[in-house]
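The structure appears right after this line, and notes come after that.
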Amino acid sequence: MRAWLLDPAPASRRQARCGRWFRAWLGFSSNGLAMTGLAIVVALVLIAVCAPLIAGSRAATLQSLGDRLQPASRAHWFGTDELGRDIFARTVFGARITLTIVALVGAIVVPVGLVIGLPAGYFGGAVDAVLMRLTDIFLAFPRLVLALAFAAALGPGIDNAVVAIALTTWPPYARLARAETLTHRHAEFVQAAVLQGASRTSILFRQILPLCLPSVLIRLTLDMAGIIITAAGLGFLGLGAQPPAPEWGAMVASGRQVLLNQWWVATIPGIAIFVTSVGFNLLGDGLRDVADARG
Amino acid sequence: MVLTFLGLTVVTFFIGRVIPIDPALAIVGSKASNETYERVRAEIGLDLPLPVQYWRYLAKVLHGDFGTSVITSQPVLTDMLSVFPATLELALLALLIGAVGGVPLGVVAATHRGRWPDHLTRLLSLFGYSMPVFWLGLVGLLLFYAKLGWVEGPGRIDVGYEDMVPTVTGLLTVDALLDGDYDVFRNALSHLVLPASILGYLSLAYVARMTRGFMLGQLRQEYVLAAKAKGLSQWRVVWVHALGNVWVQLITVIALTFGSLLEGAVLTETVFSWPGLGLYMKNSLFNADLNAVLGGTVMVGVAYILLNLISDLLYPLVDPRARERT
């Protein structure tokens, strides 16, 4: 299997493609930090998917005022918060909210960045000038403050937090897509497609877009940590997920009132945010190293 | 630049329009008659067409008129100018920590690539940019204020020391020094040091990482080899020749850091009850004080634009090549 994958003279396209992926994987997996990042992210996804199994009988929103502000114990591994809710269960279910936010932001900014960046790079001229000017305007905006103003205008809530973060995150993707398109637009395979009579849209989306995707996705992984921290910040200010949803930032905010006596209420969700963003940062760095080595 | 400013005001203007809270209703209250409501609406120009409203808004903003804060009943600009020095004091000290610590750290990491100073720097940076600032602030308060008692707690100064020194610069520590009042200075500094160190650490993480990257790029260049071959000391090659060539990029990084410190103020100032622009915006936000929120947004945005401009203007000063081109 290994020999087949690493065969310097692949017999088929499929073998060549698998071999390329395998070599990239070898490079990636020899990087301990990157693997740690991958492990954290995979664990996070598993926790989010299996949240009800992991939390067991503990519920994220069940209030039990008799048990409020309990320290860690066998029944409540991470203690309980000011309404007697189990912090372990809330942290576990909070992974779902966090992942939902990053996934939604990614699902908005990547297409928007591509739709703005590809034509700008390919057509150049006036199209480029207008689109890039627009991008520059958004690029120069203070991200958190603008997200704050948006969240304030649209009302607090996860959806609006996602829109607000996405609105201030897309410009670098447009620039990246434009830069990649510029390097490819006169490539021979593009000229070949033009000679075959392919339409401009088809060239943009079938020839050039797949080449932009890797760098855009790596950039997204690197941005994930920032998105998570911004989302948690909005949650901390009360502009993200609304109570009783177990959002990590909002949990830190609620623990702030009892910080001096019951430190765990604010500290534990913060550790969750920190570990998650470390995971995404390590993974992103590792992916970038692999891509740089190849490119 | 002008375009960016126009874009910023268009956005804040439209945010002002889509906000579900009716400003006219907020002024008159829900018990007011329909007549009063309509009058107030016309007074603040909500019945005019959008472009006219935007034009009026822009004209006002250019004159520094952001309207009146509904909560303090003062012009928003007056409010902002009175709280801004607090934010500036915090951000400046944090930036100082970040730049003075981050640049050498990044340089050392680059010259010792793959060895322990490099690993240490990368770890410090990784933790820095993975850390939610509001959480680090809370943990810092818990540890250094509540448990160890090394620093003063939230706020800018103890109540007993308030208004003890005349306001000259608005930066409390500087004012206290100018006045020669060392008790006030000590108290103010003790309040300042924790939030500034925490923000400083986060800036340091970013500055060190970028410096390391830039320096690695320079150390690969041939002129470094040539300088070494000429017999220049390693110290001179690294700190004078190579570092001299990355200052331009570093200025941009430091300007960006300063910008992020200003906007991050919303979170840190909330944690430390620091009476600056961030806390002002946050409080306005929860009291539906739209003028104040949008005024703050424009102010931070303008600060961003100015920082970019300043870093552009600084390039020729540090880089002779940029001087020749212009």
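Just so it is clear, none of the values below were taken in a lab; they were calculated from the coordinates. Keep in mind that this is a model prediction, so the values were computed, not measured. Quick reminder, even Gly has a Cβ in these numbers, built from the backbone with ideal geometry, and neighbours come from all protein chains shown.
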### Query
For B:T72 and B:Q234 in the same chain, what is the full-extension length gain: residue separation times 0.36 nm, less their Cα-Cα distance, in nm?
52.4 nm
### Task
Within 10 Å of each residue's Cβ, count the other Cβ atoms and sort A:C212, A:C50, A:C18 from fewest upward.
A:C50, A:C18, A:C212
### Task
Evaluate the distance, in nm, between pseudo-label points positioned 7 Å from the Cα of B:R39 and of B:L313 along their respective Cα→Cβ axes.
4.8
## Note on the structure
Which residues qualify? For B:T68, with a placed amide H closer than 5 Å and at least 5 residues away or on another chain, they are B:V76
### Query
Simple spin-label model, 7 Å along Cα-to-Cβ: A:A103 to A:A3 in nm?
4.2
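Between A:Q196 and A:S12, how high is the FRET efficiency from 1/(1 + (r/R0)^6) when r is the Cβ-Cβ distance and R₀ = 30 Å? Nearest 0.05.
Values: r = 24 Å, r/R0 = 0.80.
E(calc), rounded to 0.05, equals 0.80.
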### Summary
Whole-Hz Karplus couplings 3J(HN,Hα) for the range A:200-217, θ = phi - 60° and coefficients 6.51, -1.76, 1.60, Gly and Pro as x, run 4, 4, 5, 5, 4, 8, 9, 9, 8, 3, x, 6, 7, 4, x, 5, 5, 5
### Summary
For the range A:265-273, in residue order, the Karplus 3J(HN,Hα) values (coefficients 6.51, -1.76, 1.60; θ = phi - 60°; whole Hz; Gly and Pro = x) are 4, 8, 6, 5, x, x, 4, 4, 4
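In chain B, which longest range has no trypsin sites (Lys or Arg not before Pro) that are both DSSP loop (not H, G, I, E or B) and surrounded by at most 16 other Cβ atoms within 10 Å? Can you show the working numbers first?
On the way: sites that count: B:K31, B:R113, B:R115, B:R220, B:K230.
Longest stretch, sites excluded: B:116-219.
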### Query
Scanning chain B for helices, which whole DSSP H stretches are 20 Å or more long along the axis (Cα) and average 0.5 or more by Kyte-Doolittle?
B:2-18, B:76-111, B:182-219, B:243-271, B:290-318
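Would you tally the net charge around A:S254, using a Cβ to Cβ cut-off of less than 9 Å, leaving A:S254 out, and scoring K and R as +1, D and E as -1?
Details: positive: A:R256; negative: A:D81, A:E82.
Counting the neighbours of A:S254, the net charge comes to -1.
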### Spin-label pair A:L222/A:V49, simplified geometry with 7 Å Cα→Cβ offset, distance in nm
2.8
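Among B:S273, B:S311, which comes first, second and so on when ranked by fewest other beta-carbon atoms within 10 Å?
On the way: B:S273 12, B:S311 18.
In increasing order of surrounding Cβ atoms, one gets B:S273, B:S311.
Pairs of Cα atoms under 8 Å, at least six residues apart: use those to get the relative contact order of chain B, whole percent. Don't skip to the end; give the middle numbers.
Working: 378 pairs, mean separation 84.1, N = 326.
Relative contact order of chain B: 26 percent.
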